[in-house]
Amino acid sequence: MADPFGGLNDAFGTEPSELAKHVEKVKPSLKKSETEDVKQDYEVSRAQLHNLVMKGQEAVDGILDVARASDHPRAYEVAGQLIKNVGDVADKLIDLQKKMKELDDDGSSKGPTNVTNAMFVGSTSDLQKMLKQQKEINKKDTK
């Protein structure tokens, strides 16, 4: 395995740390939504919700025909309730999409809100002086 920081180590005259020597590659884990059960449940739920919306739309068309034919207020009330129910099913379909996205988001997409570990506190000129001194010390050690 090639050292990705080899150029930096040469530039700063340092050796790879013990931590870098013992780094193991980690296999990426599957997203929660990529497991078979979750996929299957999502597909079944989505299909059922689509089916309910389609049947609800047919029922709305039918009850509106009945309401027009009878011109009775109760028929229009039932039609209004049915329209509301079809709209609620459509909202559930959107909520299902949001829930699947939430399963994939484990908060890793958000960056840290507070960074408390500062590597160097000072001005850039201080940093340059410190690096120059370290470079001179490294030159003396190698001679």
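Under a point-charge model restricted to the Cβ atoms of Lys and Arg (+1) and Asp and Glu (-1), what is the dipole moment magnitude of the stretch 31-103 relative to its Cα centre, in debye to the nearest 20? Mind dumping the intermediate values first?
On the way: 12 positive and 14 negative charges, 45 e Å.
Charge dipole of the stretch 31-103: 220 debye, to the nearest 20.
Can you sort Arg68, Arg46 so the residue with the fewest Cβ neighbours within 10 Å comes first? Write out the running numbers ahead of the final one.
On the way: Arg68 11, Arg46 14.
Taking fewest neighbouring Cβ atoms as first place, the list is Arg68, Arg46.
From the convex hull of the Cα coordinates of the stretch 31-103, what is the mean projected area in square nanometres? Don't skip to the answer; put the middle values down first.
Values: hull surface 19.2 nm².
Average of the hull's projected areas for the stretch 31-103 equals 4.8 nm².
Just how many pairs of Lys in the stretch 31-103 have C-alpha atoms closer than 23 Å, counting pairs that are eight or more places apart or on different chains?
19
Readers should treat all values here as calculations from the given coordinates under stated rules, not as data from a laboratory. Predicted, not measured: the structure shown is a model, and the values here were computed from it. All Cβ positions, even for glycine, are placed from backbone atoms using ideal geometry, and neighbour counts span all protein chains on display.
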